[in-house]
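Worksheet: one structure, shown below.
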Amino acid sequence: MQSENKICQNCKKEFLIEPEDFSFYEKVKVPPPTWCPDCRMIRRFLFKNDRSLFRHKDEASGKEIFSSFPAQAAVKVYDREYWWSDKWDAMAYGRDYDFSRPFFEQFRELLYTVPLFSKSVLGNINSDYCDNAGFLKNCYLCFDLNYSENCAYAVKGTSLKDSFDTYEVAKSEFCYESVILEESYRVFFSIDCERCTDVWFSKDLTSCNNCFGCVNLRNKSYYIFNKSYSKEEYFEELKKLNAGSYRSMRDILQKAHELWIQFPVKYFHGYHNVNVNGQLLYNDKNVHQSYSVQDAENVKYSQMLLPKTSEAYDYSTFGVNASLVYECLTSGFNSSGLRFCWECWDGCRDLEYSTYCNTSSNLFGCVSLRKKEYCIFNKQYSKEDYFALREKIIQHMNDMPYTDAQGRVYRYGEFFPPEFSPFAYNETLTHDFFPLSKEDAEVQGYVWREPEVREFQTTIKAEDLPDHVDDATDDILKEVIGCAVCNKAYRFIPMELAFYRSMGIPLPRACPNCRFLERFKLINPPKFWRRACQCNGAADERNIYQNAATHPHGAGKCPNEFETSYSPEKPEIVYCESCYQNEVL
């Protein structure tokens, strides 16, 4: 089978379908896509609220509860405990398929009629204000986090303890304001560190301890801004730096960032891989054009998958022993044969165009079903009738497609249209990675919603907080603070204040959301560019960094090219694997 170039329905750009892609589509019995990989990913992300909780009316009790869905969304919501109970039956909403109307139009009506569960959580203890999370204990405002304890304001990670304000951190303890850490202890204001202890303001360290303001170090101890000190000298210098002062901390952070940008970065982050390309790939085999994927095999165009996933394309945010998955979001967990599904998990088999279904098999166009099989639009069929009707519906989807306001055509093989999402553009994972203004979002046909903000009378301005954490008394827990960035109110919780004191960290002047947005600037998006290594022999091509070693390509420019998540507009000096490895200390 030959490669084929196609024009994306959405962005009108050309994209390539390769022979192995056609083989996968044939295996899972779907037609080739009509949207390019980036547009397919963004379309899925529009159905993912990644880190917000909203007040929403419980459809059963009428009470106000916290939910993944904003109050303005037209979906019906049940409190999670009620949704999982036997007090209601989603099959009561079953209906016949109407061959006089497009499938997607009918599905949208069902989606906004059948109640959905308020939050996607499992096995949590004393962690009511968390979502998309499982097996948490004593956690607060944590999202996409699993198997963690005593944490707050953490997004994306697993096996985290006593940590605050982190993003994509795993198997770590006592960490703060850090991004992409693994197996680390007491790491603060840092990014991309592995197996590190007592590290501050550092980037790309491996197996280091007692390092401060450093970059690109391996197996080092007692370094400050990449300069070696004796143990005694190191701790004397730390006292002078006075990191417990907010003013000192801001100066240190600026100096560290200025140092980081002067050193090369490796075009790719990951390890223990075979035949891969993408970003943040670990222990993978045959994984391509993918982002933040662990222990996977034969996966393409996918993002943020936990172990283990196999045989999957265009699959976002979940995984865990999932296979034969195509164009799905937040689905998985011992599931197989999922196509065009959203929030379907726990042992599901052969589901299509379904959402919020659990432990079910052979469903088509269903919402909120549990332990069911052979259902279409929440109506029960015999096995024989199910498969016969399924074939007729697929043919009908192709004969009478749905067309959205932008003129995009949806036949069998497309994920749900963006306007079906209960979330506005600025409430989703898409906006985090690919921010747009309200005007630009609306021009592209996306919904935009201004957040409903409850006004709180602030009692203190952020700039009036004590400069040093040692000067903060317990009375600070009573204060309502005005964020220095957005002016919205926030408070400190007791375990948060205790953490700042024990770690010697100054009180933050920004609210949790503004802190996240600042931290998220360190994250590359799940998008890739073709680039050349910027090593030019003795230095990088802009002559910012002077190489410390002679490279195999000699005095001339490195000939290596690669795909990377560092866009050409970013200021980082991007090296290939070989040139980068020659420069780490």
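Applying the set (1) touching a residue at least 24 places away in the same chain (Cβ under 8 Å); (2) buried (at least 16 other Cβ atoms within 10 Å of the Cβ); (3) of a type in the set (F, W, Y); (4) more than 23 Å from P526 (Cα to Cα) to F492 leaves exactly one unmet item: (1).
Within the set R349, R390, the sole residue that is within 31 Å of the chain's Cα centre (by Cα) and not aliphatic (A, V, I, L, M) turns out to be R349. For the stretch 354-375, residues that are in a strand (DSSP E or B) and under 28 Å from the mean Cα position of the chain (by Cα) total 7.
Checked against the criterion of being touching a helix residue (DSSP H, G or I) at 6+ places or on another chain (Cβ under 6 Å), within 22 Å of L111 (Cβ to Cβ) and in a loop (DSSP other than H, G, I, E, B), the stretch 436-446 contains one or more residues that satisfy it. Residue count for the stretch 552-570, restricted to those that are of a type outside the set (A, V, I, L, M, F, W, C), more than 18 Å from Q279 (Cα to Cα) and loosely packed, with under 14 Cβ neighbours inside 10 Å: 4.
Answer with yes or no whether V199 is out of contact with any helix residue (DSSP H, G or I) (no Cβ under 9 Å at 6 or more places or on another chain), without any contact (Cβ under 8 Å) to a residue 60 or more places away in the chain and surrounded by 21 or more Cβ atoms within 10 Å (Cβ to Cβ). Criteria met by V199. Could you please find all residues in the stretch 306-327 being modelled with pLDDT of 95 or more and either under 16 Å from P33 (Cβ atoms) or crowded, with 24+ Cβ neighbours inside 10 Å (or both)? Correct list: T309, A312, Y313, D314, Y315, S316, A322, V325, Y326, E327.
In the stretch 535-548, the residues that are among the hydroxyl-bearing types (S, T, Y) form Cβ pairs under 7 Å with partners that are surrounded by fewer than 17 Cβ atoms within 10 Å (Cβ to Cβ) and not in a loop (DSSP other than H, G, I, E, B), at six or more places apart or across chains, as follows: Y545/A539. Being aromatic (F, W, Y), in contact (Cβ under 8 Å) with a residue 40 or more places away in the chain and surrounded by fewer than 20 Cβ atoms within 10 Å (Cβ to Cβ) is true for just one of F47, F22, F66, F15. Which residue is that? Answer to the check: F66.
Note on the stretch 362-393: residues that are small (G, A, S) and under 18 Å from D346 (Cβ atoms) amount to 1. Quick one: would you say R530 is within 20 Å of C142 (Cβ to Cβ), modelled with pLDDT of 95 or more and of a type in the set (K, R)? In short, no. Has the stretch 113-126 got at least one residue that is more than 24 Å from the chain's Cα centre (by Cα), buried (at least 20 other Cβ atoms within 10 Å of the Cβ), closer than 20 Å to L329 by Cα and not assigned by TED's automatic domain parsing to the domain that holds G365? The answer is yes; a qualifying residue exists.
From the list R449, R390, which one is in contact with a Phe, Trp or Tyr (Cβ under 9 Å, 6 or more places away or on another chain) and not in a helix (DSSP H, G or I)?
Matching residue, one of R449, R390: R449.
Identify, please: which residue in the stretch 164-202 is part of a strand (DSSP E or B) and among the basic types (K, R) and is, among those, nearest to F235 (Cα to Cα)? This residue is R186.
Against the test of being crowded, with 16+ Cβ neighbours inside 10 Å and aromatic (F, W, Y), the options F499, F456 yield a single qualifying residue, F499. Do we find that R411 is crowded, with 17+ Cβ neighbours inside 10 Å and of a type in the set (K, R) in this structure? So R411 passes the test.
Could you say whether any residue in the stretch 370-384 is touching a strand residue (DSSP E or B) at 6+ places or on another chain (Cβ under 6 Å) and closer than 28 Å to K156 by Cα? So far as the stretch 370-384 goes, yes, one or more of its residues are touching a strand residue (DSSP E or B) at 6+ places or on another chain (Cβ under 6 Å) and closer than 28 Å to K156 by Cα.
For R509, the conditions (1) exposed (fewer than 15 other Cβ atoms within 10 Å of the Cβ); (2) modelled with pLDDT of 95 or more are fulfilled apart from (1). Listed by position, the strands (runs of 3 or more DSSP E) contained in the stretch 226-345 that have at least 2 residues being charged (D, E, K, R), touching a residue at least 24 places away in the same chain (Cβ under 8 Å) and touching a Ser or Thr at 6+ places or on another chain (Cβ under 8 Å) are 309-319.
Looking for whichever is of a type in the set (S, T, N, Q) and closer than 25 Å to Y356 by Cα here; the options are S3, S23, S68. Which one fits?
The unique qualifying residue is S68.
Screening E384, E455, E419, E414 for residues that are under 30 Å from K488 (Cβ atoms) and either part of a loop (DSSP other than H, G, I, E, B) or free of Cβ contacts under 8 Å to residues at least 24 places away in the same chain (or both) leaves exactly one candidate, E455.
Among the residues of the stretch 54-62, is there at least one that is within 20 Å of T430 (Cβ to Cβ) and either in contact with a Gly (Cβ under 9 Å, 6 or more places away or on another chain) or crowded, with 22+ Cβ neighbours inside 10 Å (or both)? It would help to see each step written out before you state the result.
Looking only at the stretch 54-62, we keep the residues that are within 20 Å of T430 (Cβ to Cβ), and these are 54.
Pick out the ones that are also either in contact with a Gly (Cβ under 9 Å, 6 or more places away or on another chain) or crowded, with 22+ Cβ neighbours inside 10 Å (or both) and you get none.
Checked against the condition, which is being within 20 Å of T430 (Cβ to Cβ) and either in contact with a Gly (Cβ under 9 Å, 6 or more places away or on another chain) or crowded, with 22+ Cβ neighbours inside 10 Å (or both), the stretch 54-62 yields no hits at all.
Scanning the stretch 73-103 for residues that are surrounded by fewer than 18 Cβ atoms within 10 Å (Cβ to Cβ), under 33 Å from the mean Cα position of the chain (by Cα) and more than 24 Å from L122 (Cα to Cα) yields a single hit, A74.
Taking the criterion of being surrounded by fewer than 18 Cβ atoms within 10 Å (Cβ to Cβ) and either free of Cβ contacts under 8 Å to residues at least 60 places away in the same chain or in a loop (DSSP other than H, G, I, E, B) (or both), the residues of the stretch 26-38 that qualify are E26, K29, P31, P32.
The values are calculated or read from the model by the stated rules, or taken from the named source; none is laboratory data. Keep in mind it's a predicted model, so treat the numbers as computed, not measured. Counting neighbours? That spans all protein chains shown, and the Cβs are built from the backbone with ideal geometry, glycine included.
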